[in-house]
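No lab work stands behind these numbers, since they all come straight from the coordinates. Owing to the predicted nature of the structure, the values given are computational and were not obtained by experimental measurement. Neighbour counts run over all protein chains shown; Cβ positions are idealised from the backbone, glycine included.
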2 protein chains.
Amino acid sequence: MKQVHARNYRRIFFGLLFSALVPILGPNSSAQAEKRIIDLTHPFDETTLYWPTNKSFHLDSAHRGRTEKGYWYESNDYSASEHGGTHLDAPAHFAENRWHVDDIPLDRLIGPGVVVDLRFKTMPNPDYLIRAEDFHEWEHQFGTILENSIVLVLTGWDQYWPSKKDYLGTDLPGDVEHLHFPGFSEDAARFLARDRKVSAVGLDTPSLDYGQSKDFKAHRVFGEANVPGFENLHQLGALPTRGFRVIALPMKIGKGSGAPLRIVAELD
Amino acid sequence: MKQVHARNYRRIFFGLLFSALVPILGPNSSAQAEKRIIDLTHPFDETTLYWPTNKSFHLDSAHRGRTEKGYWYESNDYSASEHGGTHLDAPAHFAENRWHVDDIPLDRLIGPGVVVDLRFKTMPNPDYLIRAEDFHEWEHQFGTILENSIVLVLTGWDQYWPSKKDYLGTDLPGDVEHLHFPGFSEDAARFLARDRKVSAVGLDTPSLDYGQSKDFKAHRVFGEANVPGFENLHQLGALPTRGFRVIALPMKIGKGSGAPLRIVAELD
C-alpha cells in the first residue's frame, strides 16, 4: 500500500515538476519575447481617408537627398485633422469636461481585447445600427464581456479601404448626407459603457456612430462615460475572438479631442 | 523506509503543486493586468521643443463648443515637423534606402529595455560625447547588453524641459551654432549597432548626435544599420536599470523619416 502511494506520488511529482518548470524555462519566458504582434493601423499617406468636412493628411518634404556635406538627409512636415485615418476619439470630442487625449490613463488604452464579429449583419446593410442585443447574443456564445475589456467590433468595412466611395458611401467633397457605414446605436453604447464598464471600444469604420446618424448619440454616450473610441481599425479579421491584449497608443496631443493612433494586438 | 519516501514525495508534491498553480491562478495572470506602465512621452502642445530650424507643433481649433443641435463638439487640426517633441527617427532620416517609419518591424520597437545612467558624466558637461567606453563600464557593472535590447541613455536633460535655452543651449530662432547637449559619439553608435545589435536606442536630449555635431555621425551610423532612435524622452529616471519592456509606437507615417512617438515602459 505504501509502495503504491510512493509510486503515485512519484508519478504526480514528475508531472508537477514539469508544470512548475514550464513557466520558468519554457513557453512563458520565450513567449514573452516572441508574442505575436498584429498591427491594426492604416498608414498615414495621401490615400488615408478622412471625414468629408475634415482636413486630410499631408506630408510636405522639407529636404530629401544628399546635403552639400555629403550625407543623406530626409525630413518632412505633417498636417491633418485629429479625426481621420486610424485614430483615437477622446471622450472630450463629443462631451464637455471629459478626458482629452493626454488625460486618458494608459490602463484604459492597454488591456485585454475581444472581437465581436458582426459581419453577417453589417455586410448586407451599410446602414446597420449595432444594437445591445448583438452583444447579448455574442455573450451567449462566448461569455460575458468583462469589466475593463477593450471591445473591437468587426464590421468588415476594412475591405473597402482606401476606396472613399465604398468605405464612406460618398466621395463627393464635403458630402455628409450620403455617408453609409455601420456604427453603434445609443443603446449599444449605453450597454458597453454602463452595463459592461469597458475600457475602450473600436471598430473598422470611420465613426462610432453609423453613417446616417444626425445626432452622434453613440459618441455622446461613450464620451459622457469617458470611454475612448478607436476608429478606422485595420486587420480586425486577423484576430481571435479572445486571448489577446490591445496596446493603443495615441500621439500625446495636449488637450487633443482626438489623435492619430498606433494600435497593435499582442496575441497570447 | 517506504513511509519516509512517501512523506518526502508528499511534501515536495504540495510544494510543486503550489509552484504549478501560481502561474495559472496567481501573480502571472493578475500581473498581466496590473503591470506598472510608465509614460516616457512629453505632450505635444505650444511648449513642445523643436530643432531651431524645424516647424514646431500647432493645434488649430476647428470647433469647440455646443453645436446648434445642442451637443458638445470639439475638433482640431495639427501640424508640425516630424522631428520634434518625443519622436522617432527612422533610419531613413540620415541614410538612403533604409527603413522609413512604416517599414520598421514592430519587434524592433517593442522589447526588453535597459537604462544607462550617464548623468554623472553628462550633467557637468553639456557637450559630453557618449563613448563606447561608457557602455563597457556599464556592462562591467550590470552585464552584457543583449542582442535586440532597447538601450535608453539617461543624460538628465529632461530636467531642463521645456526651457528652450537650457534644453537646447540656445533660444534664438534658427540658431544651430549654439546647441549644447550630450549625444552619442560615432564609436558609441557603432558599438551599439554592430557589436551589440540593439533593436533601438533612445535618450532624453533633442538628438542622437550631441549639440555641437556638424556631421551627424551617430545618426548616420545608426541609420545605416537600420537602428531606430527615440529622442526627447521623458521620465527615464523613473525606470529601473533593467527588468522592463519598452513599447514604442510611432504614428504610422507612410514614408516618414520620423514621427511623433508614444513610448511607454512596462515594468516586470
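Of note:
- Normalised contact order of segment B:132-187, rounded percent, pairs of Cα under 8 Å and 6 or more residues apart: 25
- Within 10 Å of the Cβ of each residue in A:163-171, the mean number of Cβ atoms contributed by other protein chains is 0.
- Computed over chain B, the P(r) tail beyond 34 angstrom holds 29 percent of alpha carbon pairs.
- Once the Cβ-Cβ distance of A:Asn125 and A:Asp77 is raised to the sixth power relative to R0 = 41 Å, the FRET efficiency obtained is 0.50.
- Here's the picture: charge each Lys and Arg Cβ at +1 and each Asp and Glu Cβ at -1 in chain A, and of A:Phe142, A:Gly211, A:Phe222 the one pushed furthest to the positive end of that dipole is A:Phe142.
- Placed amide H near A:Phe184: partners under 5 Å, 5+ positions off or other chain: A:Ile130, A:Asp209, A:Tyr210
- Shielding by partners for peptide A:129-141, expressed as the average number of C-beta atoms from other protein chains within 10 Å of each residue's C-beta, is 0.
- P(r) weight above 26 Å for segment B:140-268, C-alpha pairs, percent: 22
- Distant-in-sequence amide H partners of A:Asp117 (H built 1.01 Å from N, under 5 Å): A:Leu154
- What the phi angles of segment B:118-131 give under the Karplus curve with 6.51, -1.76 and 1.60, with θ = phi - 60°, is a coupling list of 10, 4, 5, 9, 7, 4, x, 9, x, 9, 5, 9, 5, 9 Hz, glycine and proline written as x.
- Its residue count N sets the reference 2.2 N^0.38 Å, and the alpha-carbon radius of gyration of segment B:193-260 equals 1.19 times that reference.
- Percentage relative contact order, chain A, counting C-alpha pairs under 8 Å, at least six apart: 28
- Per the Debye formula on identical point scatterers at the alpha carbon atoms of segment B:163-221, with no solvent, log10 I(q)/I(0) at q = 0.14, 0.22, 0.25 Å⁻¹ is -0.41, -0.83, -0.98.
- The three principal axes of the Cα atoms in the protein assembly as shown give end-to-end lengths of 88, 64, 39 Å, sorted in falling order.
- Cross-link reach list, lysines versus B:Lys197, counting only Cα pairs under 21 Å and skipping chain neighbours closer than eight places: A:Lys35, B:Lys217
- Per DSSP, loop trypsin sites (Lys or Arg not before Pro) in segment A:39-94 with at most 15 further Cβ within 10 Å: A:Lys69
- Only lysines eight or more places from A:Lys164 in sequence, or on another chain, were considered; those with a Cα closer than 21 Å are A:Lys55, A:Lys214, B:Lys252.
- Report summary: the helix-based calculation at 222 nm, which adds -39500 (n - 2.57) for every DSSP H run with n ≥ 4 and divides by the residues of the protein assembly as shown, gives -7000 deg cm²/dmol.
- A Förster distance of 45 Å, applied to the separation of the beta-carbon atoms of B:Thr144 and B:His58, puts the FRET efficiency at 0.50.
- In sequence order, segment B:58-72 has phi-based couplings of 10, 10, 10, 6, 8, 6, 7, x, 6, 7, 5, 7, x, 9, 6 Hz under the Karplus curve 6.51 cos²θ - 1.76 cosθ + 1.60, θ = phi - 60°, and Gly or Pro positions carry x.
- Cα centroid separation - segment A:160-211 against segment A:57-73, whole Å: 38
- Shielding by partners for peptide A:107-120, expressed as the average number of C-beta atoms from other protein chains within 10 Å of each residue's C-beta, is 1.
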